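Take a look at the structure below.
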Amino acid sequence: MNFASDNWAGAAPAVMSALARHSSGFAPGYGADPLTAGVSRSFNDIFEREVAVYFVATGTAANALALASFAKPGGAVFCHRDSHINIDECNCPEFMTSGNKLVGIPGADCKITPAALTEAMSRFPDGVVMHGQVASVSISQATESGTVYTVAEIEALAEAARSRSVPLHMDGARFTNALVSLGCTPAEMTWKAGVDALSFGATKNGCWCAEAVVFFDPERARDFEYFRKRGGHLFSKSRFVAAQFEGYFENESWLDTARHANAMALRLAEGIRSLGGRTAWAVEANELFPIVKRSQFETLTAAGAKIYEWPASDLSDNVAPADDEVCFRMVTSFATTDEDVKTFLETLTQAS
Ligand SMILES: Cc1ncc(COP(=O)(O)O)c(C=O)c1O
């Protein structure tokens with residue numbers, strides 16, 4: 001019953017067999033190998049246009065380096081107050097952007113709205129040197145609360161960013177979970193909706209260490225090679241990141257693993273609700289935040305469920321946990337089994 005995080009899961013079989021397949025022989029280093037070139041081209045097919053793709057090791061690096069390429073002197077990056085870039089990356093975005101400031105915007109469901117974004121950016125008027133300047137906007141898809149921006153919501157945020165002539169970045173640590181949840185194409189969820197750069201996460205969905213920064217206008221990526229090398233993220237054996245992506249994309253494995261993870265999350269949510277619990281936010285990807293009695297939470301953890309208490313901020317009074325209740329996070333993955341879900345719900349039933 002391990003629901004601690006999708007990064008506690010191992011690597012998917014398709015990814016591991018691709019790594020094994022490419023493990024022997026010699027190939028040029030630093031991304032100059034044919035496998036990296038071939039896998040990079042497959043991103044063009046996935047996104048239905050020519051894109052510039054750069055592999056990195058972590059989601060934090062993908063986010064910080066993408067934002068670095070959009071940085072300005074005195075720049076401000078607008079994001080949700082509870083976003084990973086704002087609270088979980090040890091100031092890496094600020095560091096890599098040479099001190100661009102992150103402006104955290106509150107918003108229900110861990111989403112920012114166009115109105116709140118426009119208002120926050122209006123506090124940085126063009127030409128007022130004291131305040132600095134608007135540099136970029138960043139959203140997480142799926143969000144840190146397990147919700148998913150609709151395509152229309154992304155389009156509206158892109159329009160707000162455009163109104164200040166700045167690019168829109170998407171933190172896609174759980175990109176595929178959001179994608180299969182919406183049932184749209186990768187192009188529709190990104191550049192067609194106005195996204196300029198994407199942190200394409202694959203680690204959480206079955207790779208062991210594979211993230212990519214994707215620029216939808218390759219012109220915008222001109223200096224990225226330098227940011228990546230300077231940031232220590234140009235792999236010498238880059239072909240092994242490429243190999244992971246090759247396995248990930250093979251036979252649509254990446255879509256299947258995300259569909260499985262999302263289905264497990266939904267099944268858990270439905271089971272918890274049927275036992276009188278509730279979730280803090282809608283369950284739209286592979287994370288859920290149940291609210292149950294503290295005694296039930298304690299029974300679950302005593303039975304070995306790996307779950308963590310979570311601060312349930314911004315909830316309406318009728319959803320927020322009461323004094324004897326607790327909100328906790330559960331994350332599902334390709335490795336979550338029917339048995340895990342069944343055991344969890346049976347334990348909760350006994351604790352009810
Ligand atoms: C929304 C989000 N963005 C980015 C990341 C990237 O994190 P890491 O640098 O640990 O790969 C995570 C990981 O938890 C995340 O949840």
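Brief remarks on what is shown
- Given charges at beta-carbon only (K, R positive; D, E negative), |dipole| of region 44-129 in Debye: 300
- Compactness check for region 11-101: Cα Rg over 2.2 N^0.38 Å is 1.39.
- The slack between N91 and R21, meaning 0.36 nm per residue of separation minus the straight C-alpha distance, is 21.4 nm.
- Size of region 142-285 from its Cα atoms: along the principal axes, largest to smallest, the extents are 54, 41, 26 Å.
- Spatial offset of region 122-156 relative to region 271-322 amounts to 29 Å, using the alpha carbon center of each.
- Using a probe radius of 1.4 angstrom, the carbon and sulfur fraction of the accessible surface of the chain is 53%.
- Accessible area (Å², per residue) of region 13-252, counting only protein heavy atoms and a probe of 1.4 Å: 40
- Across the chain, C-alpha contacts under 8 Å between residues 6 or more apart give a mean separation that, scaled by the residue count, equals a relative contact order of 24 percent.
- Translational D in µm²/s for region 254-351 (Stokes-Einstein at 25 °C, 0.890 mPa s, Kirkwood Rh from C-alpha pairs): 181
- Accessible area per residue for region 254-351, computed on protein heavy atoms with a 1.4 Å probe, is 45 Å².
- Longest exposed-site-free window of the chain, the sites being chymotrypsin sites (Phe, Trp or Tyr not before Pro) in a DSSP loop that have at most 15 other C-beta atoms within 10 Å: 31-352
- What the phi angles of region 257-272 give under the Karplus curve with 6.51, -1.76 and 1.60, with θ = phi - 60°, is a coupling list of 5, 5, 4, 4, 4, 5, 5, 5, 5, 5, 5, 4, 4, 5, x, 5 Hz, glycine and proline written as x.
- Approximating the spin labels as points 7 Å out from Cα along Cα→Cβ, the R49-to-E298 distance works out to 5.6 nm.
- Lys, Arg +1 and Asp, Glu -1 on Cβ, resulting dipole of the chain about Cα centre, debye, nearest 20: 740
- Shown for the chain: lysine pairs separated by 8 or more places, or found on different chains, whose C-alpha atoms are under 30 Å apart, numbering 23.
- Relative frequency of Cα-Cα separations exceeding 15 Å in region 74-135, percent: 50
- Distance between the modelled labels on E119 and D323, one decimal in nanometres: 3.3 nm (7 Å Cα→Cβ projection).
- Cα pair count fraction exceeding 17 Å, expressed as % - region 72-192: 53
- Filtered trypsin sites (Lys or Arg not before Pro), region 86-170: DSSP coil and at most 15 other beta carbons within 10 Å: R123
- For the chain, the fraction of alpha-carbon pairs in successive 10 Å shells from zero, as %: 6, 25, 32, 24, 12, 2, 0
The values are calculated or read from the model by the stated rules, or taken from the named source; none is laboratory data. Source: prediction; values computed, not measured. Note that we place each Cβ from the backbone using ideal geometry, even for glycine, and neighbour counts take in every protein chain shown. What goes into the accessible areas is simple: the full protein's heavy atoms, side chains included, and nothing from ligands, DNA or RNA. Shrake-Rupley method; radii C 1.70, N 1.55, O 1.52, S 1.80 Å.
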